[in-house]
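Q: Got a structure for you, written out below as structure tokens; questions coming shortly.
The values are calculated or read from the model by the stated rules, or taken from the named source; none is laboratory data. None of these values were measured; they are calculated from a predicted model. Using ideal geometry, Cβ is built from the backbone for each residue, glycine included, and neighbour counts are taken over all protein chains shown.
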């Protein structure tokens, strides 16, 4: 059984709540397709303007273009939800998705240097050395340095890689295809397209309208963070999408393998599992553990305990050790309400995430997949760990076609604000973070809580009526 928890249709439902029924003999007609085509053209223009800003390293211009993109995207989603899907409209949606991704590939990734590190890690592995043992500036790697990649690597004098094994395997594969920044970005965009195909297959398996793919395909975060800036989060999002497809089809072992691969790109997809796992079915956790162990073996053999790389120091650099890396602590300090210790904050955060995980696991049927709880768990993790970077929000977009909560749209569409530098006066970062984190997450949490309360009351009413 599949549940989205927010009134979306179950398999077999004939209509989607909130959609107007089509006229007799039509599927929503050409008018809706024309609207989508017009909004798609506007989206292409907004993407072109964002590309110009990226090429000029114009952070403010990029953020404005991204927010405009988000407004057009929201209108397009509303149009799609008012009409029954048809093939022509789906073709337009997919065509626009490909075009805007092509535009995002045109400028260099001037807003992030991460992709340069990916190219370097692939190059080092191809040379037979461990990225967990040698910093880029190590003397025995001098022959690998060039003028295109090496100067742009962040912390090259002191940081070995922070990326887990599947990310490193991906970097090596990209190097095999071509030792260049362009090849790495194309690989990430190809994985983004894999996500689209997997989500389409999942929508079909759930008998949901396929044009709901617009929620992912036109969202600015995947377009820019995956292809445009080449972030490896494209790989974990593709693995999550494939894991969802496997779970919907009842393939718990394959779902466990896919989520293990996702977690070994970046660790946080693990938080989604309580809403996905069929209780007491040990195929998923067994496959997850076995796959993770198998993928770690070659890297542990080469690097031993150093396989965690620079991760611990990286977290300190991001301010987690001192506390300011957690934006809730930052907000509390700004308002002088409190100054909790990082240890206390982490303990409270783990308690909150653990509570949500238990709710996701036990407040559903054993065969049920709760997409709304999966989205809530993912959003809670992003909120509580408070990453400084918008690409950490992007994996949430892959869950939104199945749980399109308004707060999730706000939570992800406002993420580009994190690119803005701290202004010298006027609006403060505190106010920006309030908009980006607190309000959308509060809406998401309160909405989910209200639904659980309502469902509990309905269940008690049904039991009482049966008696």
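Q: Those residues that are in a loop (DSSP other than H, G, I, E, B) and farther than 17 Å from residue 99 by Cβ, I need them from region 202-245; list them, please.
A: 206, 207, 208, 209, 229, 230, 231, 232
Q: From the set of residues in region 277-319 that are part of a loop (DSSP other than H, G, I, E, B) and surrounded by fewer than 16 Cβ atoms within 10 Å (Cβ to Cβ), which is modelled with the lowest pLDDT?
A: 279
Q: Taking residue 339 as meeting all but one of (1) buried (at least 19 other Cβ atoms within 10 Å of the Cβ); (2) in contact with a helix residue (DSSP H, G or I) (Cβ under 6 Å, 6 or more places away or on another chain); (3) at pLDDT below 80, write down the number of the exception.
A: Failing condition for residue 339: (1).
Q: Which fully enclosed helices (runs of 4 or more DSSP H) of region 39-145 have 2 or more residues being loosely packed, with under 15 Cβ neighbours inside 10 Å and on the phi < 0 side of the Ramachandran plot?
A: 59-82, 87-104
Q: Please list, ordered by first then second residue, the pairs with beta carbon atoms under 8 Å, 6 or more apart or interchain, first in region 394-407 and free of Cβ contacts under 8 Å to residues at least 12 places away in the same chain, second buried (at least 23 other Cβ atoms within 10 Å of the Cβ).
A: As it stands, the answer is none, since no pair meets every condition given.
Q: Can you tell me which residue is nearest to residue 242 (Cα to Cα) among those in region 194-214 that are without any contact (Cβ under 8 Å) to a residue 60 or more places away in the chain and under 20 Å from the mean Cα position of the chain (by Cα)?
A: 198
Q: So which residues in region 246-275 are touching a helix residue (DSSP H, G or I) at 6+ places or on another chain (Cβ under 7 Å), more than 17 Å from residue 397 (Cα to Cα) and assigned to a loop (DSSP other than H, G, I, E, B), if there are any at all?
A: 249, 264, 265
Q: Considering every residue within region 230-245, establish whether at least one is surrounded by fewer than 24 Cβ atoms within 10 Å (Cβ to Cβ) and either in contact with a helix residue (DSSP H, G or I) (Cβ under 8 Å, 6 or more places away or on another chain) or under 27 Å from residue 39 (Cα atoms) (or both).
A: Scanning region 230-245 turns up at least one residue that is surrounded by fewer than 24 Cβ atoms within 10 Å (Cβ to Cβ) and either in contact with a helix residue (DSSP H, G or I) (Cβ under 8 Å, 6 or more places away or on another chain) or under 27 Å from residue 39 (Cα atoms) (or both).
Q: Regarding residue 92, is this residue within 27 Å of the chain's Cα centre (by Cα), at pLDDT below 95 and closer than 30 Å to residue 405 by Cα?
A: yes
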